[in-house]
Every structure is written in structure tokens, then in C-alpha cells.
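Before any comments, here is the structure.
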């Protein structure tokens, strides 16, 4: 019998849920034993209920799991939530109230004052908010969130720079992949030879989430990082991998070489703890003149590394570069799993 | 017999040259009577020599023209140059020396001190440089250039704002069409589900050309506009139409509505003179939340208008928006033709 | 005041309906005065009710038309139906019963014994079925249909061959455009670097409709053409234009040159009558080795011609070739308009 | 020290050569110790000389190999040839003459009477031709070829059917991936929303190679299989995976179910011998109505299986279906490696 920790996935039949199922296959610590979804799917076998769209088959042990309703009666202590934001808010609260650790990919609670918006390489100490959260809400469980798929590539590139040189202002333009829009997402005929310069609600996320993530935990609250971000978000005809063109004003001047070194050398707690899903290098710096490119680089570090290239001086601010990260792995399911691993390592699952 | 002015096209068999041939079909003032190209093509009929790739057929009167070598022995006074920059520099000089007006789309002479980098709506007075050019170089003809395909959309959007509110700093990210890379350009397999964050030499053009275009003619030289631009340039899987995400710091604060009005109301000399290729509205402002889009909007104003949308406040600078313009019409052949029309209207062809 | 014949469009806000609205702009005989759609749209102005997706703007006179419900109370005698097949069957019957001529693009009545499946170049005499239809159904109006978008390119290429050499067997594989799937149709992420070898219900249409179209009107019924077709249908990442690879067994041997001549020389009644929407050449034969191609050739004859290329011997049957036709013009709205023009010329609108 | 058999790759820096390098990484029997390429590359380290375009990095042991010229002075007994057909013919002969076993992916010698065109699952006995080849040509080595990338999917689907029911006639239309055109291959702008109905020289390969492959070795020659194939070949915007729509006339009638069973049950010598690169199932039968699809199915069996779907009756012939196989693995480098494994198992490397 497995000594692994049993875990569940909420919204397991959807796009993010499928990614959780796939990424949890053969996980060394976690054993996926519970899959929950909407009432329409509940009662069916997972294989029946799921319009599976990954390139590898449904993991054998999951195929025949019975899909349960999204109610806090699952036989596990930790659940990953790939629920749609239209329902995630309430359901996740119910689970946390009932004592579950909820690792949420949804936007609903990300900016709540007492909910960690966790990136293990950047703000592992924000887990300290859980105590506040439990006290505030009288919960025995907790909600821990990961950032939006377009936020993550930006913060992973900005954090090492911010810590070393101080970030004053950022202007970023994203070129985001189709998979970020869920399924079915955009119509093929709309994307044929086209680019769509609008993603609903996205720009405000990119402009606010990084400030919380890079903020400082002071007592029972986060003091947000003190700089400004302006984001232009675009959808392009790419499968996976959000690319971002970033110009940064620094508080302390630094050359492109110094910035490159700060990024390439960046290691943090997940690497020290050798968390299973942690990439060896959180940020991979490339000096090829036309990289990173989504098709070639979004899989770097098994989709958990950000790739940064074209680091050069900015004639308006100080530094500019191109960052890329995998939007459904580091930007969604993989992020939540890494968060869970950090929590396990920190004793939250004991 | 035609009363039109006979004109020629240099590099007539290439991608830009073909666009000249196409756009000059049925031109009310100009009659395309001379086509010139490399020695390899010279002597052949145009139809034979040209791997025609436009959606409409080769104009009947051009089909059977004999392709001439690119030497200043053409029977016309004005030539449009779609020559590749590897040869354009010298050939264009020869023609100008020999008395031709050379309307050049090539980069070679754009930044020469005594060569106009002309956008008729913005700096028609820069034609005044011709006198200096002729004096300096002892030419009877002249070279007049149009801006790079990624510069034009930016300056058309910035100029009306600059004149009204003053531009202090600009950060722009481009998403540029395949046709801007010439033919054959990128390999299909490189662009499949991909984006390439690098275009050789492009960023410096976008960062300098606008400052000359919006500069002031003072005596026999241009005083460049006094602001800074930072450009990130990207290639996307789009046929025609360069899209640009722009953040602007203004000298005088203005609301998005004021900026929108300045852009929508912008009219200039080509409109007053009713030049044949001038669009009724140089800048078309859209308030649909997800426009402009290359596939739907690059043909606006027969490819001669810039379309600007998503005008909104920028949390870092003052204003941000998305601009789009047709890279092979307003950004190349159409621009040169409009320049020629202005010169005709100003008496340079008398 | 206009002397044109007032006409209406049913399902005017949908994809096919929009194409009708666009193609009827400036029609020399017809004046679009009535637009009807679902109850959800009824009562609104056309511009408000319609998610317009054509490259040219809504025709000015149509913008402000009030959308009516799809009930036979429209002030016109002829209606074009772009209704979805889920509702077309019954609604079209109501209109025909009420005395309207219904030019339908829907599949519902195409194979009805007393309904013409009309291609004016091929079977104009099938209009004779209208008398039978009226008698059978006690209607004062009539329903006249045009073929499916993947049928039309095939029959336009086969008919001239059949008439001259006799077709015995046909195997055809289609590569069909996205616009044939309606809007939104396929998800972008499903079509990225992909091809889908299945289109629901399509193969049986391609295998049966041509036999009715090329059938002979005998008394009050059609004797179907006596040959067999096998169709493989595929969806590809193309905007407009269905391409078909066709192998044909002939009853009377013919060389590729003879077949090419039969196709290129083919002219018929619409050309004799100079119907406004009739292309000068119903079939355009190309001898370029890699054409027709959807992006370059689907607009031939303003979208009303079929383009046939690569006519060569078939080592299994006798002749093989590639045919292309515009699926939303000759394969939908344009076809119905040409049908209406034939009916007008034949006195059905007097 | 490795007990593996040292092998070399000719044309190692090109598209097919890179695939050999990648697929030979960690091969249980073969050790890639020699890389050879054009004189331009010779003398450089492999990493320097190669514009590497695979998704995984260059295998560590290969990075620093010195690229040798393509001359028969390599320290190994077996070479894989990914040479371009413009040079492959002669170079491969030189190596064979000098005693090397040459596993060639090039077309030059495929149809030579005394050269095996080998598919281990179909005609392993054709290796018997080597004796004839050596006698005829006085070579101590030998050339063994694998089929063209568009042939392989067809023969893998046809062979089990032919053996059981007899194939009389075949009409096939291909939808082929970009990677089959080499690098750079097609221009992106030519493939945007487009399909190209022509691939130079391809149709004759698809029409003849299968007849040799399924032919019978009689004495020292192959008696070709006795049926006819007609092929229409098309290029589509797909990365990897050639799809084929196939209609088959059988000598002995069979239902779709019987055909499906014959395909699904097909196993052969490579499976019996457990050759390292042999897929468990040479042909995978899918009954999903819209599969196989290139993006989801070309990786089946690590790119070594053909996937066949939509097996159904053909109204013109007897049976029709859709086949898919990976064009650069089973259709090129993987095929040659499997051939080499069969030769090793058969003692040719002792």
C-alpha cells in the first residue's frame, strides 16, 4: 500500500483539472485518490466524464475513479482546485472551513488580505498568513493560491532583479498562448493570421498580483511592494507559453550583464529543499538573440522554469528583456503542486 | 494618349516592387511605364520575370513591359524604389544625380541629414531639405524616403498627440506581420504556434525615425523631436498589419477622451489637398474593446489609415493604446506614392 | 424610388445571413428591404442585433432596418434563407405556403423529390419541379435550394466532364475551410498545427447531391445521374475555399487536355443571360503546377468560379485533378442569389 | 567502456541527421561515435556546426564530437545516411564499397533492383537481396533503404489488409506535414491559411514504393505486388505527421470490422524479436470518429506506430480509412534505426 499522501482535485474534468491529473501522475509524495467535479459528472468514472485533451493518456489509476461532487466529503486532507472562478469562491471556502488545505488556481481569493498568493521561490514566508486566515475565518483548513498565468513569468523575472537592484517601474506587453483561455477558448477563424489585443480582466491581475507576491509579511498582513506596473495583454496563435516584453526602471543602476547574472544565479528555498516539482534553475537565461520562443522554450525545466532572453539596456527605463513561462504548468497546475510541496515540507500536512 | 506623368519602379519584380505595380494600377496622376530590376531580370517581359504574388493579376499594361536594368536611362522623371537595402544606397544616388526624383522605401538614406523622411500628414515642410540636398550633393534630382513599416503606425498615432500634449517618453512593443520580412521571409515551421521576439535592426529604426519625422526643419537641417522611445519588436503569424502596444508619457496631462479626440480629429495637408492616395482619416479611432486586429483592420482607409484602439490611462506613464497600420501599404509602397503625390502637388514635377 | 425588387433575408444576423447582406449590397436587380432573425433579435436595429464579421462594413441602408421575426409577414416576395437547419425546415415551408419564393441554403429540403437543387449552369431546367411542388403541397410560393458548400466545387468540375465523356465513378478527398463550420466553429487550439479528418454529415451530402444536380428532369421527377461517389472530408486551417482532390473514372476515355478543354470552354445559361452574379467563366482551368490554392484562388470570379488545376491521368481511374471553390459565396449565399437571378430571368418574379 | 556497436551518421548536421542523433541517444545497442557532414562543417565540433532544432538538447556525448567529412574513413561499421538526395547516391555507394553497412533514408537507391527497401514488419526477408547486391557490385558493405515518409503510413496500413484480403486498387490523398519538406521548407506566408496541392516527385514515390515493399523475393529479385495506386499529395500547416485518406478495392470482400481486426492484430518479426525501436503495435486502430489527428496521434508508439481510424465501407471501392504516421520518425530516422536493429538481430553486424 502507498505511503503517499492522498490528495484530491476539484474541477478534475476541466482543462486545469486535467493538468493536475497529468502532473500528479507518479508524484513521489502525493497520491491522487479523489476527483471531484460538477454534478453533471458526479457518479461517472473519470474516464467517462472527461473530454481528455492531454497528449499522454489518462493515468491508469485515475481512469476508474468515481467522480465525486465538489463537496467537502472527500477522503483526503489536501485538494487542488482547478474550479472555474464562477464557482471556485464559495466551494473553496467550504472545503477550507471543513479542514481541507485548498491549493487554488482560481482568481477568487488571490487578493484576499489573509490568503497567501504563494510563489515558493519568492515568498515562502507568506505561508505565515495561514494562521491569520484561520483565526479570522475560524477555519481549520486553509486556502493558498498561486498567481495568474501571465503574472508568474513576470514575477519570476522581476523578483531576483527587485531584490538586488530595486524595481521602480515596469511596462510589460504580453503575447499569451491559446491554452490560457481555457477550452474551447478562441474560435479558430478569429485567430487565423490574427492577434487579439485584449484579454478580459488580465491587465489588472498582472498589475497587482506581483506587488502582493513581492510584498513583505509584516505581522498578520502583507505590505505590498512599492512600484508600478503597466500591462498590455494580447492573445496570439500559440499553444502553450506566455511571452512578455518587459521594460524596467531600477532604483539602483545595473548593467545587462549584472541583471543576467542576478537572474541566472537565482536559487531559493524550493531548490534548497529539493522539492520534487522545483526546477533546478527557476530562471534560465538565454543569450541567443531570438529566444525565448514559445514553441522551443516553454518546456524548460519541465515547464517550471521561466526563460529570460534579450536582456539589454532600455533607452527609456534601465533594462529590458523578454520572459517566457509555461502558462498551464508554472502558470497554473504545476504552481499549485509546488505550493503543496512547500507546505508539506513546512509541516502543514503532518 | 495619356496625360499622366510617366513613372518607373526600381526593383519592380520584388515584394515591395510588386506592391508599387499593384497600387499604381489606375492611378489618376501617374502612369507606370518603366520597370527596372536586377540584371538577371533585365530584358525579359515583366510577366515572365516576376514571381507575382498579389491577389489581383498583374495590371494589363504592365505585363508586357520590358524589364530594364536599374540604370538611370529610364524614360520618366520619377522613380519609386523598392530595391533591397543591399543595393539601394548606390543605385538611388545614381538616379538622383542623373536628375530623377527617387521615392525610396529603403532604409539606406532615411537618416541622411539632407534627405527628407517624409510623412505628408506630419512633416510636409521637410521637403524643404531637397534644396539643401541638391546643393550639398550637386544633384539635379533628389531622394525622398518614407519610414520603416514599423515606424509609420507609431508616428501616425504619436504625432497628433505630440502636437497637442507633448510626448515625453514612449515604450512600444510591436507584433509585426510576416509580409514585413520580405519573401520568402520566415520558415513556416518556425512560425507554427510560435512568436519570434527579434527582428534584426528593427528596434533602432523605431527608436530614431519618429524623432526625425516629428522634428522641426530649421534652416537647412532637422532638429529632432526631443523625446525617447524604447521598442520591443516581435514577429507574429499574421499576413499584413503591424500592431503596436504603446505607453506614452505626456508633457501636458490629457485624458483618454482628449487623446481619442485629438487622434480622431487629426487632418492634415494631404486631406486638404485631396491627394489621391490620402485616406479621408489618417487615424481611425475604434472603441471596440478588442480592436484593432490585424485581419480585420489593416485594410482601413485602403491600407493608408492607422487604426488606434484601447486608448486608456497608463498606470506608469499617462496614456496607452494599441495602434495598427498596414505594413506594405502605409508602411511601404503606399507611403512612397503619397509622398510622390505631395511632391507633384507642390510643383516638384513641373 | 428604387425600381428594384424588394427581397428579404431569413436568419440575417448569422454567418450565412451576413454574407447575403454583404453580397446583396448594390445588387442591380434586388433591394434588400427586410431582415428577419430569431425572436431574440427581432425588434432591434440590424446593426445592434448583428455580431458583424465581414471585412467591409454593414451596408448603410441595412444598418437601421428593423429586424423582424421569421414569420411570413415580410414586405417582399422573395426571401433568401440563411437559417440554421435546426429551424429552416419548418420556417421555409411556412414562407413558401404563404406565397414567398424561398431561396434556401439549408440542407433540409435539398433532397425532397419536388424541390429543385439548383445550379444554374448545370440544371436550370430543374426549375420545372416548382410546378410539381406547388401542386403537391398546395403552395403558392416555392422552395428552391442550392447545394452544400463541399458539393458545389465537385459538381461544377464534374458536370462538363460528365456531359462530354460520362462519369462512371468518383473518389474525392476534401480539404475544407473553417468558415464552412459556421461561427464559432472549431476551437483555435484544436486547429493549431492540426487537421481534422471528420465533418459530421458531410460525406453523405457530397455523395448524393451531385447525382440529383446532374440528374434529368423526367416529367415531374428527377432521374438521378447514374454513377457513384466516395468522399473523404477533412477540415483544415484555411479561412475560405474548399479544396478537393478528385479521381474520376470516365465512360468514354479522354486525355487530360481534352478534359481541360471541356472545363475551360464550359459556358451555360447564366453566362448567356448575363445574370449579374454569374461568373464569366464557371470553371477556370489553371496549369500552374501547384494551384489552385485556397488563399490565392478562392476569390476567382468574385468567388463564383470553380478553379481546377493539376488535371492529369489517374493510374487507377482515368483522370484526376484538384478543384477549389469559395464555400461561403459559390457554396452558399452567392449560389442562392444566382438561383434567384435565374428565377427572375425566367419570369418567376413577374 | 561501452560494449555497444559504434555507428556513424552521414549528413549529421541536417534535419534528418539531427533526428538520427536525437533518436540514437541512449540506444541500447548502438553508440553514436562518428558524425560526418559537408566539407563546410568538417573539422568543427558538432555543437558548433549544427543549427540544432530539436526540442531536447544535443546529447552530451555528441556535442563535442568532431564533424568528419563524408568519406569512408569513419571508425565504425554501420552508418545512417541522412544525406540530401543530391549527394547521397554516390557517397552511399562509396561507403558500401568500402565495407560499411549504409542505412539510407534517401531516395536514390530505393528502387534499385538489388537494394532492399526495408520495412521490418513487412518484408524482413528482402534483406536476402544484400547477397545479390554484394555479388553484383562487388561490395563488401551494403545499402539498405527505408521508404519515403508518405509511403510508410500507407504500406503499414495496407500490408495487413493485403496479406489477408488482397488489395486490388488504391486511391490515396495525403495531407503532409511541414517537416517533410526539410528546413527551411515552405515560407510561412505561403502556408498562412493555405494548403498547397503539390509536392514535387512525391506522388510517384507513393505509387511505386509500396509495390516493391509488399513484393515477393523470388531468387535474386523482387516480384512487385500486383495492384495499382493513385496518389494526390498535399502540404498542410502541420508540424509532424502525414495523414492519408485511403480508399481500397479488395480482392476478397471484408467488412470494416474484419479490416480493423486485421490491422489491430498485426504483429510481425520486430515485435517477436523485441527490437528496441519496434513499437508494441505496428498499427493502432482508433474508433474515435474524428481521429487520427496529426497533433494528437503522430507520437503514437513513440512515433513508430501508424494510427488508423474511420475504417468504413467505401461506396466506390470496398474499404476506406484514414492513416497517420510520424514522417520524421517512422518515415525517416526511426525507420532506418529499426532496419539496423533487424540487421543486427539477423547477424549482419557480427
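The values are calculated or read from the model by the stated rules, or taken from the named source; none is laboratory data. Quantities reported herein were computed from a predicted structural model and do not represent experimental measurements. FYI the Cβ positions are ideal-geometry reconstructions off the backbone, even for glycines, and counts take in every protein chain you see.
Some observations on this one:
- Looking only at residues of region D:232-262 that are more than 26 Å from residue D:281 (Cα to Cα) and in contact with a strand residue (DSSP E or B) (Cβ under 7 Å, 6 or more places away or on another chain), we find that the one that is surrounded by the most Cβ atoms within 10 Å (Cβ to Cβ) is D:232.
- Residue A:316 vs. criteria farther than 22 Å from residue A:146 by Cα, within 9 Å of another protein chain (Cβ to nearest Cβ) and either surrounded by fewer than 24 Cβ atoms within 10 Å (Cβ to Cβ) or at pLDDT 95 or above (or both): yes
- Residues that are farther than 21 Å from residue A:196 by Cα and free of Cβ contacts under 8 Å to residues at least 12 places away in the same chain within region B:277-306 are absent altogether.
- If you check C:246, C:170, C:206 for being more than 20 Å from the chain's Cα centre (by Cα), within 29 Å of residue C:265 (Cα to Cα) and at pLDDT 95 or above, only one passes: C:170.
- Condition met for residue C:219 (modelled with pLDDT under 95, over 27 Å from residue D:189 (Cβ atoms) and touching a helix residue (DSSP H, G or I) at 6+ places or on another chain (Cβ under 8 Å)): no
- Residue in region C:89-99 that is surrounded by the fewest Cβ atoms within 10 Å (Cβ to Cβ), counting only those that are touching a residue at least 40 places away in the same chain (Cβ under 8 Å) and out of contact with any helix residue (DSSP H, G or I) (no Cβ under 9 Å at 6 or more places or on another chain): C:99
- For region B:143-230, the strands (runs of 3 or more DSSP E) that sit wholly inside it and include 1 or more residues that are touching a residue at least 60 places away in the same chain (Cβ under 8 Å) and within 14 Å of chain D (Cβ to nearest Cβ) are B:167-176.
- Filtered by the rule that a residue be surrounded by fewer than 24 Cβ atoms within 10 Å (Cβ to Cβ) and either within 14 Å of chain B (Cβ to nearest Cβ) or more than 26 Å from residue B:186 (Cβ to Cβ) (or both), region A:279-288 gives A:279, A:280, A:281, A:286, A:287, A:288.
- Residue within region C:237-244 that is without any contact (Cβ under 8 Å) to a residue 60 or more places away in the chain and facing chain D (nearest Cβ under 9 Å) present: yes
- Qualifying residues in region B:111-120 (those that are touching a residue at least 40 places away in the same chain (Cβ under 8 Å) and surrounded by fewer than 24 Cβ atoms within 10 Å (Cβ to Cβ)) - the one nearest to the chain's Cα centre (by Cα): B:111
- With respect to the conditions (1) in contact with a helix residue (DSSP H, G or I) (Cβ under 9 Å, 6 or more places away or on another chain); (2) crowded, with 24+ Cβ neighbours inside 10 Å; (3) closer than 23 Å to residue A:260 by Cα, residue A:171 lacks only one, and its number is (1).
- Residue A:272 more than 14 Å from chain B (Cβ to nearest Cβ) and more than 24 Å from the chain's Cα centre (by Cα): no
- Counted residues, region A:231-252 - those being out of contact with any helix residue (DSSP H, G or I) (no Cβ under 7 Å at 6 or more places or on another chain) and part of a loop (DSSP other than H, G, I, E, B): 1
- Just one of the listed residues (D:291, D:310, D:295) is within 14 Å of another protein chain (Cβ to nearest Cβ) and in a strand (DSSP E or B), namely D:310.
- Considering residues of region A:59-77 that are touching a residue at least 24 places away in the same chain (Cβ under 8 Å) and in contact with a helix residue (DSSP H, G or I) (Cβ under 6 Å, 6 or more places away or on another chain) only, the residue nearest to the other protein chains (Cβ to nearest Cβ): A:62
- Residue count, region C:125-140 (criterion: crowded, with 19+ Cβ neighbours inside 10 Å and in a loop (DSSP other than H, G, I, E, B)): 1
- Filter result for residue A:80 (surrounded by 16 or more Cβ atoms within 10 Å (Cβ to Cβ), out of contact with any helix residue (DSSP H, G or I) (no Cβ under 6 Å at 6 or more places or on another chain), modelled with pLDDT of 95 or more and in the same structural domain as residue A:107 (by TED's automatic domain parsing)): no
- The condition of being at pLDDT 95 or above, part of a helix (DSSP H, G or I), surrounded by fewer than 24 Cβ atoms within 10 Å (Cβ to Cβ) and on the phi > 0 side of the Ramachandran plot holds for only one of D:347, D:301, that being D:301.
- Assessment of region B:87-108 against the conditions (under 18 Å from residue B:135 (Cα atoms) and within 15 Å of the chain's Cα centre (by Cα)) yields at least one matching residue.
- Residue within region D:322-336 that is facing another protein chain (nearest Cβ under 10 Å), free of Cβ contacts under 8 Å to residues at least 40 places away in the same chain and farther than 30 Å from residue C:167 by Cβ present: no
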